[in-house]
1. Any idea which residue in segment 255-279 is most open to solvent (accessible area, probe 1.4 Å), counting only those that are of a type in the set (Ser, Thr, Tyr) and in contact with a Cys (Cβ under 8 Å, 6 or more places away or on another chain)?
2. Evaluate segment 215-228: report whether one residue or more is of a type in the set (Lys, Arg), closer than 30 Å to Glu333 by Cα and open to solvent by 30 Å² or more (accessible area, probe 1.4 Å).
3. Which residues, taken from segment 357-382, are open to solvent by 10 Å² or more (accessible area, probe 1.4 Å), hydrophobic (A, V, I, L, M, F, W, C) and within 14 Å of Val326 (Cβ to Cβ)?
4. So Ser232 fits all but one of (1) crowded, with 19+ Cβ neighbours inside 10 Å; (2) touching a Ser or Thr at 6+ places or on another chain (Cβ under 9 Å); (3) not in a strand (DSSP E or B); what number is the exception?
5. For Thr378, state whether it is in contact (Cβ under 8 Å) with a residue 12 or more places away in the chain, closer than 19 Å to Lys328 by Cα and assigned to a helix (DSSP H, G or I).
6. Looking at Ser232, Ser221, Ser241 in this structure, which one is among the polar types (S, T, N, Q) and over 27 Å from the mean Cα position of the chain (by Cα)?
7. State all residues of segment 466-503 that are open to solvent by less than 30 Å² (accessible area, probe 1.4 Å), part of a strand (DSSP E or B), closer than 17 Å to His453 by Cα and of a type in the set (Val, Ile, Thr); if no residue qualifies, say none.
8. Listed residues Leu170, Leu178, Leu198; which is in a strand (DSSP E or B) and modelled with pLDDT of 85 or more?
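The values are calculated or read from the model by the stated rules, or taken from the named source; none is laboratory data. Here the structure is a predicted model, which means the values were calculated and not measured. Quick reminder, even Gly has a Cβ in these numbers, built from the backbone with ideal geometry, and neighbours come from all protein chains shown. Quick note on the areas: whole protein, heavy atoms, side chains included, nothing else; ligands and nucleic acids left out. Shrake-Rupley method; radii C 1.70, N 1.55, O 1.52, S 1.80 Å.
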Amino acid sequence: MLHGVTGSGKTQVYIEAAAETRKTGRIVIVLVPEIALTGQLVDNFKQNFNEDIIVIHSRLSLAERGDAIERARTGEAGIIIGARSALFVPVDNVGLIILDEEQDSSYKQDETPRYHARTVAAVLAKLHGATLLLGSATPALETYALAKEGKLRYLSMPHRIGNRPLAQVLAIDMRSELKEGNRRIMSRALQKLLADTLSAKEQAIIMLNRRGWATFVMCRSCGEVINCPECSLPMVYHKTSGKLHCHHCDITMDTPKICPKCQSRYIKYFGSGTEKLEEEIAELLPTARLLRMDRDTVGGKKFAHQTILDKFKRGESDILLGTQMVAKGHDVEGVTTVGVISADAGLNLPDFRAAERTFMLITQTAGRAGRGEKRGKTIVQSYNPNHYAVLTALYQDYEAFFAEEIKRRKALFYPPFCRLIKLIFTDENEERGKKRATALADKFRARFNAESHKIIGPFAPAITKFRGIYRTALLIKTADLTSVRRFLRNENVPIDPKVIIDIDPLNMF
């Protein structure tokens, strides 16, 4: 495990390790979370290895993918770079597998087969007798725990290249902002910092991990929230299209003029997304050149991510704002300012990884500032600035975060102290699905003791209905995965087409 703070030069370590491996004639596989967001890493490899590289990603045509795989299979290229599916390129004699940003949830596939690239990479490395290198500024808690136990070799890069300092980080309590009359998305401190950044002809990155203009629409008379008819989650208002969008099943509908429940005309928009933030920045800083990068601006457009990033790197924009897309892997020397909006919004989610995700998001985003000669400044806006995930992230203090988080994981019997299995029972009839889940939970409790095997549920996941199908969930926590697998096989769960099985899930709801 290579644990290096943001800007410490992990990419150069990858390049030199790959060069040593290629000298022996062995194959190198480099995995990145999302190929479109890590063009800089690909560019760095191309500068060093030129024609010895193939890049595998979902935007390739079948013919392009076939040509790339054939080059690797026949030995024309010895370095394979891509997202998680690059692990399955049919090559022999693999000598090195690198997972950059190994903590990233994109390495977990959320549809069948629900594998995690880190797990597959470990098996592949063992089969080939290869080295597996896991790199991150914010390792997954489970990975760091393995390193602490000596099951992974721990390599540390605690300083930035040239001993450049980490960005100065200031936390703003948005509760105080509200009390003092500021009802904007941005704090007054961030507004001033952005104005100063523009005056100095420098660049800024602003991250708000919610897209759209308003995150939900509600009737102020009766409290009715406009939900998606297919999956029961709140619809998000997008001002550009003038429509409501479901961010889960992608359907759209017209925004109602009157409440569908009480016929009131008091329809109100609540919450803020990147679209609304872009509007606010344009109002406050009318001379600023803005670029927005989220699923709405890049979805369906080939290499749209790279086009936006290239413009920003060339200095054709002053401010890049967007969702967590702007937090990953970008190294732009002109960026001296970073703003993290609603940094702790994820802490309110019913997920034991909520604190870990918050710490990672703040740390990674703050790490985009100050990559050049001038020290960066980061403002983190929070409604809970005293939470340990926020406090430790302000100083990129992973060790302090780990020490606090691991105590909670142990007390509540969560990974790395157990393995998880999530079961989702799907049915057109809601009650029938619940009965099947209840029956299996009862059998599980009768079969296993409560100390090393626990089951939670049945419970309704956040998405209780998806595309018209009702869902009921069970969550199994176990210290002996083999025995639980045997139990599920005996109950014919793996062959039940109406049960989704997810081992080591990253999404709890």
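1. Quick first cut of segment 255-279, residues of a type in the set (Ser, Thr, Tyr) only: 255, 264, 266, 269, 272, 274.
Next, from what is left, pick out any that are in contact with a Cys (Cβ under 8 Å, 6 or more places away or on another chain): 264, 266.
On the way: Ser264: 16, Tyr266: 154 Å².
Filtering first and then ranking leaves Tyr266.
2. Here is the first cut: in segment 215-228, the ones of a type in the set (Lys, Arg) are 220.
Of the ones still in play, those that are also closer than 30 Å to Glu333 by Cα are none.
No, segment 215-228 has no match at all.
3. Leu361
4. (1)
5. Judged against the criteria, Thr378 is not a match.
6. Values: Ser232 fails: over 27 Å from the mean Cα position of the chain (by Cα); Ser241 fails: over 27 Å from the mean Cα position of the chain (by Cα).
Being among the polar types (S, T, N, Q) and over 27 Å from the mean Cα position of the chain (by Cα) holds for just one of Ser232, Ser221, Ser241, which is Ser221.
7. Ile476, Thr478
8. Working: Leu178 fails: in a strand (DSSP E or B); Leu198 fails: in a strand (DSSP E or B).
None of the other options fit; the residue is Leu170.
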